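Chemist: Quick one: the structure is below, and I'll ask about it shortly.
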Amino acid sequence: MSLLPPDCVLLPNNLTDCLELLERRHPTTIDLGLERCGEVWRRMGSPRPAPRAFVVAGTNGKGSTVATLCALLGATGHRYGSYTSPHLIDFNERVRVDGIAVSDALLMQAFEAVEQARGDVSLTYFEFVTLAAFKILADADLDVAVMEIGLGGRLDAVNLLDADCAVITPIGLDHQDWLGDDLDSIGREKAGIIRPGRPVICGEPQPPSSVVERARALGAPLKRLGKEFSIGRHNEQSRFACDGHELLLPLPVLKGPYQLNNLATSLAALLELIPQAAHDTAALAQGIRAVSLAGRFERISSRPALWIDVGHNPMAAAAVAEALAEAIASEHIGKCRCVIGMLIDKEAERVAEQIGHLVDVWYCAGLEGERGQSGAALARRLQTTEKPLDVRIFRDVPQALESAISDSGPQDGVLVFGSFVTATQALLYWRSRNHDT
């Protein structure tokens, strides 16, 4: 007689098939709430990824902040792990120990542990893999974990953890179907990661009032960029100030003016849990220089210049517009073309308004899937903006990217933007096109 619960299916013995099964078996892709995954987590013994944990929420800048915080932890001698989502190329990117993506075998072992514990509880794909990440990191004997919220904060599976330091990056309008239609509502969801008496680091001077009120109600010390801590450029260095410390450090490796703010947020968070790091500027400088993160205004080619960015909302578009304008001016870029692919629930029109003054031609690419849309549908949306746009339609991202490159001269630039899916497809196509295996 089988000892498996009635609805428990033996997991496939390889990662690809296992992930496909996890995607199919819960009735909805997004099912916010902590009851189901909390029950399974407790059955697993409530694994905590590390004795100390940063939890990072926000609309934009989460990935850069996590990557920077991890590099700083490594440089200051701490064994660290991280959990992020979504991945860009390989699923394994989501769970890292000391910056190294974990193996298929380790993921499968953790998946089996979650499967045995869940019994008849149905979990979403994200909930299942989050619990697996908890177990992997808990077994890795870490000093510190850096955990990125997937969606919102309050009801996200990562929020099962009590954050020793809550980090909230800039908040904008995104995922309104789940989080609310205004910044205060969205801020309230993000502020769900705050814990009583535990520090909160905000990467903007004026976060939504709901964040400030939540911190005050819980007695959680709040520090905001531009108020309790600051950063600025000084003679090709960054000058960071917080708690009486003033540190001269390298500028961020990641491109874009906004990365200076992400660096400041990461430094402020680090010093909350590891204050002695302020006295080792050599290690901090080493960490800053070691930061690496694909898909954040990442330049992958020249002549023409080719940048790839995973941004997918107006706030991200505004940040990329800053970086693009700086690159166009400093490198004397000629025409700029944008390969854009966006999910149907994203604000494509507002994205175009943020970048439109820098883009000469739009190459609208279709994206498949439940939330995808055709290149033609995307083009129709872009054409509703006040300024007439030169819009072209393509079946998919590879076709659009190939056309944009072919149309460009050596001094021109091509930006790929709009979605993690768009960035992934562009990177994979570029690798295959250039035989980069």
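The values are calculated or read from the model by the stated rules, or taken from the named source; none is laboratory data. Nothing here was measured: the structure is a model prediction, and the numbers come from that model. In this analysis, Cβ positions are derived from the backbone assuming ideal geometry, glycine residues included, and neighbour counts consider all displayed protein chains. Just so you know, the surface numbers come from the protein's heavy atoms only, side chains and all, with ligands and any DNA or RNA stripped out. Shrake-Rupley method; radii C 1.70, N 1.55, O 1.52, S 1.80 Å.
Chemist: Using a 1.4 Å probe over the heavy atoms of the protein chains, calculate the carbon and sulfur portion of the accessible area of the range 171-263 as a whole percent.
Modeler: The C+S portion of the solvent-accessible surface of the range 171-263 is 45 percent.
Chemist: With +1 assigned to the C-beta of every Lys and Arg and -1 to the C-beta of every Asp and Glu, and no other charges, what is the dipole magnitude of the chain about the Cα centre in debye, to the nearest 20?
Modeler: 560 debye
Chemist: Size of the dipole of the range 373-424 about the Cα centre, Lys and Arg at +1 and Asp and Glu at -1 on the beta carbon, nothing else charged, in debye to 20?
Modeler: My answer is approximately 240 debye.
Chemist: Tell me which of ILE340, SER209, VAL114 sits at the most positive position along the dipole axis of the chain, charges placed on C-beta atoms (Lys, Arg +1; Asp, Glu -1).
Modeler: Checking the options against the dipole of the chain, the answer is SER209.
Chemist: In addition: Which FRET efficiency, nearest 0.05, do GLU331 and SER122 yield, Cβ-Cβ r, R0 56 Å?
Modeler: Once rounded, the FRET efficiency stands at 0.60.
Chemist: If you don't mind, another one. Which value at 222 nm does the chain reach when only helices count, each DSSP H run of 4 or more adding -39,500 (n - 2.57), with the total divided by all residues and rounded to the nearest 500 deg cm²/dmol?
Modeler: After summing the helix terms and dividing by residue count, I get -11500 deg cm²/dmol.
Chemist: Using Cα pairs under 8 angstrom and six or more residues apart, how large is the relative contact order of the range 279-437, in percent?
Modeler: Value for the range 279-437: 30 percent.
Chemist: Over the range 348-437, what per residue volume does the convex hull of the Cα atoms give, in whole Å³?
Modeler: Given the Cα convex hull of the range 348-437, per-residue volume reads 100 Å³.
Chemist: Then there's this: Might you work out the accessible area of ASP360 for me, using a 1.4 Å probe with all protein chains in place, and round it to the nearest 10 Å²?
Modeler: Result for ASP360: roughly 70 Å² accessible.
Chemist: Rolling a 1.4 angstrom probe over the protein heavy atoms, how many square angstrom per residue are accessible across the range 266-402?
Modeler: Using a 1.4 Å probe on heavy atoms only, each residue of the range 266-402 averages 43 Å².
Chemist: With the dipole of the range 358-437 worked out from charges on the C-beta (+1 for Lys and Arg, -1 for Asp and Glu) around the Cα centre, which of LEU428, GLN373, VAL391 lies farthest toward the positive end?
Modeler: Looking along the dipole axis, the top candidate is GLN373.
Chemist: Still on this model: If you take the C-alpha gyration tensor of the chain, multiply each eigenvalue by 5 and take the square root, what semi-axes do you get, largest first, in whole Å?
Modeler: Equivalent ellipsoid of the chain: 33, 29, 21 Å, largest first.
Chemist: Still on this structure: Using a 1.4 Å probe on the protein chains only, how many percent of the accessible area of the range 272-320 belongs to carbon and sulfur?
Modeler: 49 percent
Chemist: If the chain between LEU218 and ILE89 were fully stretched, how many nm would it gain, using 0.36 nm times the residue separation less the Cα-Cα distance?
Modeler: So the chain would gain 42.5 nm between LEU218 and ILE89.
Chemist: For SER301 and ASN235, FRET efficiency with R0 = 35 Å and r from the beta-carbon atoms, rounded to 0.05?
Modeler: 0.65
Chemist: Hey, which aspartates and glutamates would be in cross-link range of LYS335, C-alpha to C-alpha under 19 Å, not counting anything within fewer than 8 residues on its own chain?
Modeler: GLU298, ASP309, GLU322, GLU326, GLU353, ASP360, ASP390, GLU402, ASP407, ASP412
Chemist: Further question on the same structure: So how do THR59, THR130 rank on accessible area, 1.4 Å probe, biggest first, that is with the largest at the start?
Modeler: THR59, THR130
Chemist: Per residue, how large is the accessible surface of the range 1-112? Use a 1.4 angstrom probe and give square angstrom.
Modeler: Spelled out: the 1.4 Å probe surface of the range 1-112, per residue, equals 46 Å².
Chemist: Suppose every Lys and Arg Cβ carries +1 and every Asp and Glu Cβ carries -1, with no other charges. What dipole size does the range 301-417 come out with about its Cα centre, to the nearest 20 debye?
Modeler: That gives the range 301-417 a dipole magnitude of about 220 debye.
Chemist: In nm, to one decimal, how far is the ASP345 label point from the SER406 one, both placed 7 Å along Cα→Cβ?
Modeler: For the pair ASP345/SER406, the computed spacing is 3.5 nm.
Chemist: Rounded to the nearest whole Å³, what is the per residue volume of the convex hull around the Cα atoms of the range 45-140?
Modeler: Convex hull volume per residue, Cα atoms: 109 Å³.
Chemist: If R0 is 41 Å, what FRET efficiency do you get for ASP280 and ASP31 from their C-beta distance, rounded to 0.05?
Modeler: That pair, ASP280 with ASP31, gives E of 0.40.
Chemist: Which residues make up the longest stretch of the chain clear of GluC sites (Glu not before Pro) that lie in a DSSP loop with no more than 16 other Cβ atoms within 10 Å, not counting the sites?
Modeler: The reported range is 1-227.
Chemist: Tell me the carbon and sulfur percent of the accessible area for the range 326-382, rounded to whole percent, probe radius 1.4 Å.
Modeler: Its accessible area is 48 percent carbon and sulfur atoms.
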